[in-house]
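Single-structure report; data block below.
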Amino acid sequence: MSMVQGREVDFEKEIRPLLVARCGECHGPQAQKGGLRLDARHTAFKGGDSGEVIEPGKSGESELLRRVSSDDEDERM
């Protein structure tokens, strides 16, 4: 489990369902755009073709957060 704002975050209960619902079409069991699969903890933390996208405990440094919040349509996930 990771810590966020002083509390433990359960990946399977809190993060995985969000990633599956929002990212599963492009980064799930059927497709892995950029080699990134986000529907399982071990593959999400492994990253994709461009490297790691999740920084446990450091969401501000997360490539995933940067990409989902990007104003650049070519970069945005």
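Here are the numbers for the structure shown:
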| quantity | calculated |
| --- | --- |
| Subset of segment 25-43 that is open to solvent by less than 30 Å² (accessible area, probe 1.4 Å) and among the aliphatic types (A, V, I, L, M) - its residue that is farthest from L64 (Cα to Cα) | A40 |
| Residue within segment 66-73 that is open to solvent by less than 50 Å² (accessible area, probe 1.4 Å), part of a strand (DSSP E or B) and either at pLDDT below 90 or not hydrophobic (A, V, I, L, M, F, W, C) (or both) present | no |
| Test: residue in segment 13-22 that is open to solvent by less than 60 Å² (accessible area, probe 1.4 Å), in a loop (DSSP other than H, G, I, E, B) and free of Cβ contacts under 8 Å to residues at least 60 places away in the same chain | no |
| Single unsatisfied condition, D49 versus (1) free of Cβ contacts under 8 Å to residues at least 24 places away in the same chain; (2) within 12 Å of the chain's Cα centre (by Cα) | (2) |
| Tally, over segment 23-46, of residues that are under 23 Å from E8 (Cβ atoms), outside any loop (DSSP other than H, G, I, E, B) and free of Cβ contacts under 8 Å to residues at least 40 places away in the same chain | 6 |
| Matching option when the condition is polar (S, T, N, Q) and either within 21 Å of D10 (Cα to Cα) or in contact with a Ser or Thr (Cβ under 7 Å, 6 or more places away or on another chain) (or both), among S69, S59, S50 | S59 |
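The values are calculated or read from the model by the stated rules, or taken from the named source; none is laboratory data. Nothing here was measured: the structure is a model prediction, and the numbers come from that model. Note that each Cβ is placed from the backbone with ideal geometry, even for glycine, and that neighbours are counted across all protein chains shown. All accessible areas refer to the heavy atoms of the entire protein, side chains included, with ligands and DNA or RNA removed. Shrake-Rupley method; radii C 1.70, N 1.55, O 1.52, S 1.80 Å.
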